[in-house]
1. Does A95 satisfy the condition of being at pLDDT 90 or above and either in a helix (DSSP H, G or I) or among the small types (G, A, S) (or both)?
2. All but one of (1) touching a His at 6+ places or on another chain (Cβ under 9 Å); (2) at pLDDT 95 or above; (3) in a loop (DSSP other than H, G, I, E, B) hold for I111; which doesn't?
3. Tell me yes or no: at least one residue of region 29-43 is over 22 Å from A106 (Cβ atoms), of a type in the set (D, E, K, R) and either touching a strand residue (DSSP E or B) at 6+ places or on another chain (Cβ under 7 Å) or buried (at least 16 other Cβ atoms within 10 Å of the Cβ) (or both).
4. For residues that are charged (D, E, K, R) and assigned to a loop (DSSP other than H, G, I, E, B), scanning just region 1-55, find the one that is nearest to S130 (Cα to Cα).
5. Within the bounds of region 24-33, is there any residue that is farther than 19 Å from S75 by Cα and among the aromatic types (F, W, Y)?
6. I need the full set of residues from region 1-18 which are of a type in the set (G, A, S) and either surrounded by fewer than 13 Cβ atoms within 10 Å (Cβ to Cβ) or out of contact with any helix residue (DSSP H, G or I) (no Cβ under 7 Å at 6 or more places or on another chain) (or both), in order please.
7. Looking at (1) among the acidic types (D, E); (2) over 17 Å from E129 (Cβ atoms); (3) modelled with pLDDT under 95, can you tell me which one D64 breaks?
8. Of all residues being free of Cβ contacts under 8 Å to residues at least 60 places away in the same chain and under 9 Å from the mean Cα position of the chain (by Cα) in region 59-80, which is surrounded by the fewest Cβ atoms within 10 Å (Cβ to Cβ)? Just the residue, please.
Amino acid sequence: MPKMSSSGVPKKSELPATLRHSDAKAQRTFAKTYDSAMEEYDDEERAHQVAYDALKHTHEKVGDKWEPKSTPGPSDAQAKGGKNTDRPTAGGVDANATKDHLYQQATRLKIPGRSKMTKNELVQALERESNRLTKRNA
C-alpha cells in the first residue's frame, strides 16, 4: 500500500508508529523511499528495509521517534551496505556517532549505568530502550 498520497503528503495512517511521532522530513523520507522501492522490487519486506536504511542516513532513533542527525550518513554497517547486505544493525541508533553524543542520548532517556558504559554498550542500551519505548507506545 502506498505511503504517500497523490498530493505527495505521507499518509500517517500507513506509517509505522515511530514515524507518526517523528518530524515531517522523516515521514517524507520513509514514505517516498518505501513507495519507490515497492515499484522497483514489488516486495513489502524489502521496501521497508530500504526505506529504513534511507531514513537512517538522515535520522536516528531516540526512544520511540526518529530525530534529525547533526551529520548525515549511515548509522550502522547495515545502513552503509547497499543491496543484498546482511550486516548487524543498531535498530536506528546512530552507532557511528561519538560516545559523547550517545551518552547525551542515554542521559535524555535516563538509562541507568550509562557513565560506566563503553560506546558499544551505549549503542546496545539505547537500542534496547528505543525498542522498549516503541513497544509501549505502539
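1. Here the answer is no, as A95 does not meet what is asked.
2. For I111, the exception is condition (1).
3. yes
4. Once the filter is applied, the top-ranked residue is D23.
5. No, that holds for no residue.
6. Of everything in region 1-18, those that are of a type in the set (G, A, S) and either surrounded by fewer than 13 Cβ atoms within 10 Å (Cβ to Cβ) or out of contact with any helix residue (DSSP H, G or I) (no Cβ under 7 Å at 6 or more places or on another chain) (or both) turn out to be S5, S6, S7, G8, S13.
7. With (1) among the acidic types (D, E); (2) over 17 Å from E129 (Cβ atoms); (3) modelled with pLDDT under 95 applied to D64, the lone miss is (2).
8. E67
The values are calculated or read from the model by the stated rules, or taken from the named source; none is laboratory data. Computed from a prediction, not measured in an experiment: that's the story for all the values here. Cβ: placed from backbone, ideal geometry, glycine included. Neighbour counts: every protein chain shown.
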